[in-house]
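The values are calculated or read from the model by the stated rules, or taken from the named source; none is laboratory data. Since we're looking at a predicted model, the values are computed, not measured. Cβ placement follows ideal geometry from the backbone for every residue including glycine, while neighbour counts extend to all protein chains displayed. Heavy atoms of the whole protein, side chains included, go into the accessibility calculation; ligands, DNA and RNA do not. Shrake-Rupley method; radii C 1.70, N 1.55, O 1.52, S 1.80 Å.
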Amino acid sequence: MRIFAPSETDSTERRVPLVPASVTKLAALGAEIEVKAGLGKTASFSDEEYETAGAKIVVDRAQSFAAADIVLRVRKPAAADIAALKRGCIHVSFLDPFTDVVTVKNLAAAGVSAICMEMIPRSTIAQKMDALSSQASLAGYVAVLLGANRLDRIFPMMMTPAGTIPPAKVFIIGVGVAGLQAIATAKRLGAVVEAFDTRPEVEEQVKSLGGKFVKVELGDTGQTAQGYAKELTPEQLAKQREVMEQRCAQADLVITTAQVFGRKAPLILTNAVVEKMKPGSIVVDMAVESGGNVECSRPDEEVIVNGVKVLGYRNLAGRVPRAASAMYSSNLTNLVDHFWNRETKTFRLDPANEILRDCLVTHGGSIINEHIRTLAQ
Ligand code: NAD
């Protein structure tokens with residue numbers, strides 16, 4: 001089988017889908033690997049490294065798309081790229097399926113079997129392919145460093161002959177994968193950390209990282225079978241906002257990571273809350289791409305409200321492209337390896353498989369994921 005890793009068409013994306021170490025693993029399975037010339041440049045991998053690992057460097061993108069049995073990439077394909085794909089090929093990438101059903105429809109119409117990385121189940125068996133987690137972890141780390149960089153004070157307590165500086169106070173809203181990494185990173189830098197999540201079971205995880213869990217009596221909040229938070233009622237959200245306002249007023253850095261899978265992110269910090277924060281403090285809205293947890297945040301902008309800087313940068317994992325590419329490439333390679341038939345040297349594409357039934361969204365000319373098919377109607 002021929003696997004092709006194209007370079008991204010979005011010039012702001014610095015992550016790449018395959019790193020040389022993964023090429024070695026895929027070549028050992030008996031796959032033929034083609035990578036676009038210059039693929040690894042943005043993540044500091046040279047063509048020579050890919051070649052040494054066993055890849056063929058190609059320059060004709062259209063030709064490689066037409067010949068590939070499997071395409072591995074970071075972002076969803078543009079319409080022109082979908083048109084260039086071979087009917088029946090397997091395409092693996094993020095797809096943004098909840099906001100862009102047109103791309104999914106185009107993939108189905110082109111007869112492509114599209115595996116959507118956002119839909120990999122959060123199960124133990126699929127953990128090694130879970131790119132949402134690998135990228136969220138890095139994003140949580142980057143969010144803290146971005147905030148620390150903009151802050152006009154330091155994170156750790158310092159006791160010197162010139163006086164004592166108290167530690168910075170960091171408040172994390174949403175303790176999923178990104179939030180946990182943000183807590184760990186802020187603690188390592190010496191901050192005092194508080195965190196809140198609507199799933200009360202994360203209290204223990206917050207404490208084990210040295211953070212304080214902020215309790216809000218919201219009644220039944222619940223979670224889905226996959227472990228995702230459920231959407232709060234308007235009354236619950238109003239109650240949450242009250243407590244968030246008090247904690248934010250005390251904080252030097254607030255990082256919001258709250259997401260509800262498949263839906264717009266909940267609006268948690270209204271302008272009124274940000275206006276009551278201390279001048280000089282920072283808010284990093286990690287949910288800006290899915291609608292934002294902060295009313296005034298804007299994608300890829302820094303907005304200043306009453307001296308409070310609100311940072312809304314997208315694709316935070318893309319700011320550490322070498323690490324993010326290594327992790328994402330491992331996720332993709334683990335996926336191919338998991339479904340590889342070592343005798344026939346082919347990918348076993350069984351739509352009924354416990355992993356593929358969630359993440360294989362188009363197959364045989366149709367949208368086969370029920371949730372996305374409903375959105376597409
Ligand atoms: P996510 O990105 O969907 O959401 C981030 C966090 O926001 C979640 O913890 C969620 O509870 C929280 N949230 C939602 N609404 C909120 C609100 N109004 N206020 C505050 N917080 C709010 O989550 P994620 O990081 O993708 O993790 C989702 C779940 O999957 C977690 O339970 C995680 O432990 C689990 N998980 C399991 C595995 C595995 O078993 N393989 C792997 C990764 C994650």
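Would you check if there is a residue in the stretch 184-199 being of a type in the set (K, R), within 15 Å of the ligand (Cβ to nearest atom) and open to solvent by 70 Å² or more (accessible area, probe 1.4 Å)? Don't jump to the end; show me each part of the working.
Initially, the stretch 184-199 is screened for residues of a type in the set (K, R), giving 187-188, 199.
Now restrict to residues that are within 15 Å of the ligand (Cβ to nearest atom): 199.
In the following step, the residues that additionally are open to solvent by 70 Å² or more (accessible area, probe 1.4 Å) were identified as none.
No, the stretch 184-199 contains no residue that is of a type in the set (K, R), within 15 Å of the ligand (Cβ to nearest atom) and open to solvent by 70 Å² or more (accessible area, probe 1.4 Å).
Please work out which one of (1) buried (at least 17 other Cβ atoms within 10 Å of the Cβ); (2) closer than 22 Å to M129 by Cβ is the condition T42 fails and give its number.
Answer for T42: the failing condition is (2).
Any chance the stretch 252-259 includes a residue that's at pLDDT below 95 and outside any strand (DSSP E or B)?
Yes, the stretch 252-259 contains at least one residue that is at pLDDT below 95 and outside any strand (DSSP E or B).
Note down all Cβ pairs under 8 Å where the first residue falls in the stretch 217-239 and is closer than 30 Å to E354 by Cα and near the ligand (Cβ under 7 Å from one of its atoms), the second is modelled with pLDDT of 90 or more and aliphatic (A, V, I, L, M), and they're at least six residues apart or on different chains.
Y228/V260; A229/A258; A229/V260
Taking the condition of being buried (at least 17 other Cβ atoms within 10 Å of the Cβ), not in a loop (DSSP other than H, G, I, E, B) and not acidic (D, E), how many residues in the stretch 335-360 meet it?
Final tally of qualifying residues: 7.
Considering the stretch 268-326 alone, what residues qualify as being of a type in the set (S, T, N, Q) and not assigned by TED's automatic domain parsing to the domain that holds K169?
Within the stretch 268-326, just S325 meets the criteria.
Does E242 satisfy the condition of being assigned by TED's automatic domain parsing to the domain that holds L151, modelled with pLDDT of 95 or more and either closer than 30 Å to S7 by Cβ or more than 17 Å from the chain's Cα centre (by Cα) (or both)?
Judged against the criteria, E242 is not a match.
Kindly check whether there is at least one residue in the stretch 68-84 that is acidic (D, E) and outside the structural domain of V336 (by TED's automatic domain parsing).
no
Working only within the stretch 260-272, note down all residues that are within 13 Å of the ligand (Cβ to nearest atom) and not in a loop (DSSP other than H, G, I, E, B).
L269
Examine the stretch 130-140 for a residue that is over 20 Å from R314 (Cβ atoms) and at pLDDT 95 or above, and state whether such a residue exists.
yes
Every residue, every condition in (1) open to solvent by 70 Å² or more (accessible area, probe 1.4 Å); (2) among the polar types (S, T, N, Q); (3) not in a helix (DSSP H, G or I), yes or no:
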{"site": "T12", "(1), (2), (3)": "yes, yes, yes"}
{"site": "I57", "(1), (2), (3)": "no, no, yes"}
{"site": "V74", "(1), (2), (3)": "no, no, yes"}
{"site": "G88", "(1), (2), (3)": "no, no, yes"}
{"site": "K105", "(1), (2), (3)": "yes, no, no"}
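Return yes or no: is V104 farther than 20 Å from V16 by Cα, at pLDDT 95 or above and touching a His at 6+ places or on another chain (Cβ under 6 Å)?
No, not satisfied.
Only one of these conditions is not met by Q127: (1) free of Cβ contacts under 8 Å to residues at least 40 places away in the same chain; (2) out of contact with any strand residue (DSSP E or B) (no Cβ under 9 Å at 6 or more places or on another chain); (3) more than 25 Å from I183 (Cα to Cα); (4) of a type outside the set (V, I, T). Which number is it?
(3)
Consider only pairs whose beta carbons are under 8 Å apart and that are at least six residues apart or on different chains; among these, list those whose first residue lies in the stretch 346-361 and is free of Cβ contacts under 8 Å to residues at least 40 places away in the same chain and whose second residue is assigned to a strand (DSSP E or B) and surrounded by fewer than 21 Cβ atoms within 10 Å (Cβ to Cβ).
Qualifying pairs under 8 Å: R348/W340; R348/N341.
Against the definition (open to solvent by 10 Å² or more (accessible area, probe 1.4 Å), among the small types (G, A, S) and in a helix (DSSP H, G or I)), how does A143 come out, yes or no?
It is false that A143 is open to solvent by 10 Å² or more (accessible area, probe 1.4 Å), among the small types (G, A, S) and in a helix (DSSP H, G or I).
For L180, work out the one condition from (1) open to solvent by 20 Å² or more (accessible area, probe 1.4 Å); (2) in contact with a strand residue (DSSP E or B) (Cβ under 9 Å, 6 or more places away or on another chain); (3) more than 16 Å from the ligand (Cβ to nearest atom) it doesn't fulfil.
(3)
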